[in-house]
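The values are calculated or read from the model by the stated rules, or taken from the named source; none is laboratory data. Model, not experiment: these values are computed from the prediction. When we count neighbours, we look across all protein chains shown, and the Cβ atoms used for this are built from the backbone with ideal geometry, even at glycine.
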Amino acid sequence: MDWFRIPVGEWFDTGLDWAKDNLAIVFDGLDTGFDWMVTSLTDVLLWIPALVLIAVFALIGWALRSWQLAVGTVISFLLILGMDVWVSAMQTFALVLVAALIAIVIAVPLGILMARNSAARAVLRPVLDFMQTMPAYVYLIPAIIFFGIGVVPGVVATIIFSLPPGVRFTELGIRGVDAERVEAGQAFGATPGQILRGIQLPLAAPTIMGGINQVIMLSLSMAVIAGIAGADGLGKDVVAAISTLNVPMGVEAGLGVVILAIFLDRVTSALGTPAEHPHSLRAIVARRRSARAELVARSAG
């Protein structure tokens, strides 16, 4: 059947060669920018004393979800510190935050575009299907060709792999807004932009936050693959443990990934459903402000 073979791989390789020769300035700019962002954030995280940063993480958990999450955060991050994988954990944390932020910045506008434009939806859906079903390791091939070994190909592969859920959830949230509310806004003369900002985005926020949560989780799941590309962090420790059959290193690095995943999952899911967390610090402060305002109103009356 050699006569029937379609050289898709060769065509793709030719396209990569063309892009590398003609778009070198673009890839050099991306390489410099991504490397600077990850390195700078890593330096900041490692500059802050570990115990202070753990306290900050705990405060974030309490502010957004509950004091139980704050206590769990302290215990789990102290475990990371005690296992002596703090530096690797912060390197992975920085990579995930940068990649997830870039993916979200791209995903949310694309999701809005798909929700409001049927032609864009028809074009982007097959692309998203392709991005979600392509094995994640394959993304490393062009990433390493364009950016070499290091943190940047890990960031690029992570962005591509984690992008689709953010787009799909944003589209789903916008399209799921009650049509009567949109029509009411139109009846009052609101422009499409005003309807988007004042009606659709606020009502779709829980769904969009669910998509952001998935983007972050998928970004973290790429930590090991980023390690294969040479990115420093827990993923690189896992790869080293596999290559040397070092069980303790593998278990400790893997547990570090799990702890980061649980923390990020709980925090980001709480952002989308604030009403479900009455024991969070922000809910407590809101109730006290409401009670104080009510007391003032009664006194004035």
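Mind listing just one residue for me: the one in the range 242-301 that is buried (at least 18 other Cβ atoms within 10 Å of the Cβ) and of a type in the set (S, T, N, Q) and, of those, modelled with the highest pLDDT?
By that ranking, first place goes to THR268.
Restricted to the range 112-146, and to residues that are of a type in the set (Val, Ile, Thr) and in contact (Cβ under 8 Å) with a residue 12 or more places away in the chain, which residue is nearest to GLY227 (Cα to Cα)? Explain how you work it out, then say what you get.
Here is the first cut: in the range 112-146, the residues of a type in the set (Val, Ile, Thr) are 112, 123, 127, 133, 138, 141, 144-145.
Pick out the ones that are also in contact (Cβ under 8 Å) with a residue 12 or more places away in the chain and you get 112, 144-145.
Values: ILE112: 33, ILE144: 12, ILE145: 16 Å.
Per the criteria, the residue is ILE144.
Only one of (1) farther than 25 Å from PHE130 by Cα; (2) among the polar types (S, T, N, Q); (3) crowded, with 24+ Cβ neighbours inside 10 Å is not met by THR170, so which one is it?
(1)
Please indicate, with yes or no, whether at least one residue in the range 114-133 is within 19 Å of the chain's Cα centre (by Cα), in a helix (DSSP H, G or I), over 23 Å from LEU53 (Cβ atoms) and among the hydroxyl-bearing types (Ser, Thr, Tyr).
Yes, that holds for at least one residue.
Among the residues of the range 124-137, which ones are of a type in the set (Val, Ile, Thr) and surrounded by 11 or more Cβ atoms within 10 Å (Cβ to Cβ)?
VAL127 - this is the single residue of the range 124-137 that is of a type in the set (Val, Ile, Thr) and surrounded by 11 or more Cβ atoms within 10 Å (Cβ to Cβ).
Any residue in the range 41-69 that's free of Cβ contacts under 8 Å to residues at least 12 places away in the same chain and farther than 11 Å from VAL267 by Cβ: show its pairings with residues that are surrounded by fewer than 17 Cβ atoms within 10 Å (Cβ to Cβ) and of a type outside the set (A, V, I, L, M) at Cβ separation under 7 Å, as long as the two are six or more apart or on different chains.
That search, which allows pairs on different chains as well, returns nothing.
ILE149 is checked against (1) without any contact (Cβ under 8 Å) to a residue 40 or more places away in the chain; (2) of a type outside the set (Phe, Trp, Tyr); (3) not in a helix (DSSP H, G or I) and fails just one. What number does that condition carry?
(1)
With respect to LEU218, determine if the residue is among the hydrophobic types (A, V, I, L, M, F, W, C) and surrounded by fewer than 22 Cβ atoms within 10 Å (Cβ to Cβ).
no
Can you pull out the residues in the range 64-90 that are farther than 13 Å from ILE259 by Cα and in a loop (DSSP other than H, G, I, E, B)?
Matches in the range 64-90: ARG65, SER66, ASP84.
Looking at ILE144, ILE104, ILE112, ILE174, which one is closer than 19 Å to VAL26 by Cα, aliphatic (A, V, I, L, M) and out of contact with any strand residue (DSSP E or B) (no Cβ under 7 Å at 6 or more places or on another chain)?
Among ILE144, ILE104, ILE112, ILE174, only ILE144 is closer than 19 Å to VAL26 by Cα, aliphatic (A, V, I, L, M) and out of contact with any strand residue (DSSP E or B) (no Cβ under 7 Å at 6 or more places or on another chain).
Identify, please: which residue in the range 3-38 is closer than 18 Å to ALA157 by Cβ and among the aromatic types (Phe, Trp, Tyr) and is, among those, surrounded by the most Cβ atoms within 10 Å (Cβ to Cβ)?
PHE34
Specify which of the listed residues (GLY211, GLY166, GLY173, GLY227) is closer than 20 Å to LEU113 by Cβ, at pLDDT 80 or above, of a type in the set (Gly, Ala, Ser) and touching a Lys or Arg at 6+ places or on another chain (Cβ under 8 Å).
It is GLY211.
Any residue in the range 87-108 that is of a type in the set (Phe, Trp, Tyr) and either within 16 Å of the chain's Cα centre (by Cα) or surrounded by 20 or more Cβ atoms within 10 Å (Cβ to Cβ) (or both)? Walk me through how you get there before you give the answer.
Taking the range 87-108 first, the residues of a type in the set (Phe, Trp, Tyr) are 93.
Still in the running and either within 16 Å of the chain's Cα centre (by Cα) or surrounded by 20 or more Cβ atoms within 10 Å (Cβ to Cβ) (or both): 93.
Scanning the range 87-108, I find at least one residue that is of a type in the set (Phe, Trp, Tyr) and either within 16 Å of the chain's Cα centre (by Cα) or surrounded by 20 or more Cβ atoms within 10 Å (Cβ to Cβ) (or both), so the answer is yes.
If you check PRO109 against the conditions, is it in contact (Cβ under 8 Å) with a residue 60 or more places away in the chain, in contact with a helix residue (DSSP H, G or I) (Cβ under 9 Å, 6 or more places away or on another chain) and not in a loop (DSSP other than H, G, I, E, B)?
Numbers: in contact (Cβ under 8 Å) with a residue 60 or more places away in the chain: no; in contact with a helix residue (DSSP H, G or I) (Cβ under 9 Å, 6 or more places away or on another chain): yes; not in a loop (DSSP other than H, G, I, E, B): yes.
No.
Confirm whether ILE225 is surrounded by fewer than 24 Cβ atoms within 10 Å (Cβ to Cβ), more than 24 Å from GLU252 (Cβ to Cβ), under 20 Å from the mean Cα position of the chain (by Cα) and of a type in the set (A, V, I, L, M).
no
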